[in-house]
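Read the structure below first, then the notes.
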Amino acid sequence: MFFSMNSNKYIQIKNFFALLLLIVSSSAAFAHSTVIDIEKMSGTDTAALYLILGFTHILPFGLDHILFVLGLFFFNPQFKPVLKQVTIFTLAHTLTLALSVYKIINLPSSIVEPLIALSIVFVAIENIFIDKLRNSRLLLVFLFGLIHGMGFASALAETGLPQNRFFSALLLFNIGVELGQITVILIAWFVLVKWVSKKTYYRKYILTPISILIGIIALYWMFTRINFSENRKPLVNNEWIVQAMQQYSDSAITKNEADLLFWKNRIVPGKADYTNSLQYASALSYQFHLNGNIAALQQSDSVLLSVISNFKETEAAPFLALSRQAILQHEFKKADSLIFIAQKIGLKKYEAAAAGFDVSFELGNIRNAAEMLKKIQMNNDFGYQFRCSKLMHYYGNLDSSISAMKTAFKLAGENNYLKQAALSNLGDLYVHDNNLEAATDCYKKSIETFRTDLHSLIGLGWVALMHDGNDSLAEKIFRFVTYKKNSPEAFFKLISVAQQRKDTALEIQFAHQFVQKVSDYGYGNMYNKYLLQLYTGVLNNPSKALHISSIEIQNRNTAQTQAWHSWALFKANKKGEAMDVFTKNVSGKPLEALELYWMGKLLMNVGKTSLALQYLNEAYKSKYDLSPAIIDDLKILLQQ
């Protein structure tokens with residue numbers, strides 16, 4: 001053995017590199033969605049899809065429609081009254097469903113959804129105060145059916161209708177809805193009504209209490225669905241932000257500088273050193289995490305390479321650390337080869353599986369990543385829960401992803417560094433879930449835990465911009481971060497501030513500043529997605545965009561990078577090639593919001609409107625992952 005060292009110290013070094021990779025590499029994660037090309041489905045598959053879609057829009061997902069149908073049924077659960085009401089309701093919603101799908105009428109959901117809730121409230125009140133079926137009630141049921149039909153249409157719009165089977169798919173969706181309604185009535189009949197409908201106490205002890213409960217629920221829905229956006233309370237408080245800036249602490253940076261000096265001075269020039277060199281390399285990596293100084297990360301690489309050379313490639317730890325830093329720098333194939341060497345030298349089971357997950361996940365080999373995660377399954381382990389959150393996020397299962405990250409936070413214990421990492425990432429997950437109130441709470445707690453947390457401060461700036469519409473406060477936050485941290489993220493966020501102000505000249509200015517920052521400091525491939533967005537957008541340089549997308553495919557050939565390449569080809573007026581790439585490598589694969597938007601725009605341009613709308617609808621579900629300009633464009637496209 002070439003060295004001697006305390007085993008706990010050795011474990012701490014390795015754990016630091018592992019956690020740094022997890023924390024930094026997942027800070028820009030986005031949820032994925034998969035869109036299926038319904039035009040290519042067989043007739044049988046199409047029939048099954050729309051029949052099931054109609055049915056599931058009632059059971060189990062259509063709680064408001066379920067309550068409305070139950071309100072009609074409980075009023076007088078005899079065959080003739082039920083048949084009259086349900087028939088009229090069906091005729092009405094079929095009419096507006098067809099008119100909405102054919103774009104003859106088009107009311108926004110902000111109007112339709114509160115009216116649906118109001119219809120349930122009205123039926124519930126009538127159930128309490130009238131005792132027999134009247135023509136006026138039948139008229140109201142018809143009017144309410146018209147409203148519910150527009151609600152059905154909004155659900156159908158998310159999937160779209162195949163142009164080659166438009167009418168049959170619409171008919172099957174409607175049949176599915178009817179089957180769902182009949183199922184609701186049958187369940188209510190067999191579970192309750194069959195046994196009590198003829199009892200003298202039915203109205204007093206069954207109908208009235210149930211109608212009151214239905215009315216209360218619907219009233220709550222009505223108020224929550226009314227759009228109070230013009231008067232909504234800001235989530236990010238200016239005074240809190242000013243105080244956070246004043247209390248921003250450089251203590252972690254000061255301590256890191258002291259650690260750097262300490263470990264560097266312990267290294268004897270010209271003598272092979274293992275422990276002190278690894279500690280020095282980890283301190284350099286931590287400096288990158290604190291202030292975004294890419295030169296520190298590159299210097300850490302040099303130290304690790306020196307250790308590998310001095311010890312004749314006999315130790316796995318420096319290879320493992322290098323692989324993790326390669327992932328941070330988006331050198332994924334290099335990371336894979338370094339892990340392979342480390343495994344040949346010898347890694348513990350947990351280290352090997354965790355490293356295997358990290359590189360497989362980034363390379364888009366999700367099946368292998370999932371297999372690696374199974375090998376380290378320990379529900380009480382921070383690293384496992386953190387990785388589990390990333391995988392669930394990729395699958396688009398945000399609830400499970402959030403749950404895993406909450407567990408990771410609990411497992412962090414008294415370790416403020418890990419608590420901050422979990423909280424800031426949890427805030428990001430809530431942004432993807434459009435829950436900006438919860439995101440704000442997480443970001444604030446993270447900053448209070450770790451005063452150097454500029455990532456969460458950027459998150460609060462994004463909430464201030466996108467939810468509160470406070471572009472001045474957002475700009476103040478982003479500019480503060482640019483003074484404190486070398487990395488370019490805050491410069492990129494300033495572009496969105498200019499977009500919010502509709503100031504194209506300022507947008508171009510910020511875009512050039514971002515490009516200059518990335519190129520001057522040698523960030524390599526780390527910000528290629530941002531650059532591609534600029535070169536296919538405000539900077540309008542398709543040739544550079546194509547160059548970047550080609551590099552990314554070589555770096556990691558995934559559905560995401562293929563979507564980038566398809567978009568770059570389209571912007572370079574190579575529609576045929578763009579569609580070839582989309583068809584072969586992107587269609588039906590999980591994508592993030594930005595790629596969903598790009599593919600939707602591409603498909604819209606080549607006339608595949610139905611499929612395009614599916615992609616655009618999926619993109620809009622994660623609208624807070626997108627810039628103000630893209631959100632504005634999405635709204636226009638989806639209203640057409």
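For the set LYS544/LYS584; LYS271/LYS485; LYS517/LYS623, the pairs lying more than 29 angstrom apart at their alpha carbons are LYS271/LYS485. The distance from the alpha carbon centre of segment 329-362 to that of segment 41-90 is 52 Å, rounded to a whole number.
Computed from label points 7 Å out along Cα-Cβ, the spacing between SER249 and ARG479 is 2.8 nm. Please give the net charge around PRO628, taking every other residue with its beta carbon less than 14 angstrom from that of PRO628, where Lys and Arg add +1 and Asp and Glu add -1. After counting each charged neighbour, the total is -3.
A probe of 1.4 angstrom, applied to the heavy atoms of all protein chains, finds PHE386 with accessible area near 0 square angstrom.
At a Cα cut-off below 26 Å, give the lysines reachable from LYS132, other chains included and same-chain residues fewer than 8 away excluded. In chain and number order, the partners are LYS80, LYS84, LYS194, LYS198, LYS199, LYS204.
Ordering 358-371, 74-87 by mean Cβ neighbour count within 10 Å, with the highest value first, yields 358-371, 74-87. Of the Cα atoms belonging to segment 156-272, the radius of gyration and Dmax stand at 32.7, 99 Å. Here the alpha carbons of segment 270-335 define both size measures, Rg and Dmax, at 11.4, 33 Å. Compared with the dominant principal axis of the Cα atoms in the chain, helix 79-101 is inclined by about 50°. Distance from the C-alpha centroid of segment 460-498 to that of segment 568-630: 27 Å, rounded to the whole angstrom.
Over the chain, the Kirkwood radius and the radius of gyration, each from Cα atoms, give a ratio Rg/Rh of 1.04. One chain, two ends: ASN540 and ILE636. Fully extended at 0.36 nm per residue, the span grows by 32.4 nm beyond their Cα-Cα distance.
For segment 321-453, the extents of the C-alpha atoms along the principal axes are 46, 29, 28 Å, listed from largest to smallest. A Förster radius of 56 Å combined with the Cβ-Cβ distance from ASN397 to THR200 puts the calculated FRET efficiency at roughly 0.65. For LYS589, a cut-off of 12 angstrom between C-alpha atoms picks up these aspartates and glutamates, skipping any fewer than 8 places away in its own chain: ASP37.
Taking packing as the residue-averaged number of other Cβ atoms within 10 angstrom, the listed peptides 546-557, 62-73 run from highest to lowest as 62-73, 546-557.
Under 19 Å from a point 7 Å along the Cα-to-Cβ line of LEU99: which residues of segment 169-204 have their amide N that close? Label zone hits: 170-171, 174. Compute the long axis of helix 398-411 from its Cα atoms, compare it with the longest principal axis of the Cα atoms of the chain, and write down the angle in degrees, 0 to 90, nearest 10. Once rounded, the angle reads 50 degrees.
Among residues other than TYR535 with Cβ under 10 Å from its Cβ, the summed charge is +2 (Lys and Arg +1, Asp and Glu -1). Here the 3J(HN,Hα) profile of segment 517-526, calculated from phi with Karplus coefficients 6.51, -1.76 and 1.60 at θ = phi - 60°, is 4, 5, 6, 5, 9, x, 7, x, 8, 5 Hz, Gly and Pro shown as x.
Once the chain from GLN516 to LEU63 is taken as fully extended at 0.36 nm per residue, the excess over their C-alpha distance is 157.9 nm. Heavy-atom accessible surface of HIS330, to the nearest 10 Å², is about 50 Å², with a 1.4 Å probe and all protein chains retained. Mean residue ellipticity at 222 nm, helices only, the chain: -23500 deg cm²/dmol; runs of at least 4 DSSP H residues each add -39,500 (n - 2.57), and the sum is divided by the number of residues.
The values are calculated or read from the model by the stated rules, or taken from the named source; none is laboratory data. These numbers were taken from a predicted model, which means no experiment stands behind them. Cβ sites come from the backbone with ideal geometry, for glycine too, and all protein chains shown count toward neighbours. In case anyone asks, the SASA skips ligands and DNA or RNA and just uses the protein heavy atoms, side chains included. Shrake-Rupley method; radii C 1.70, N 1.55, O 1.52, S 1.80 Å.
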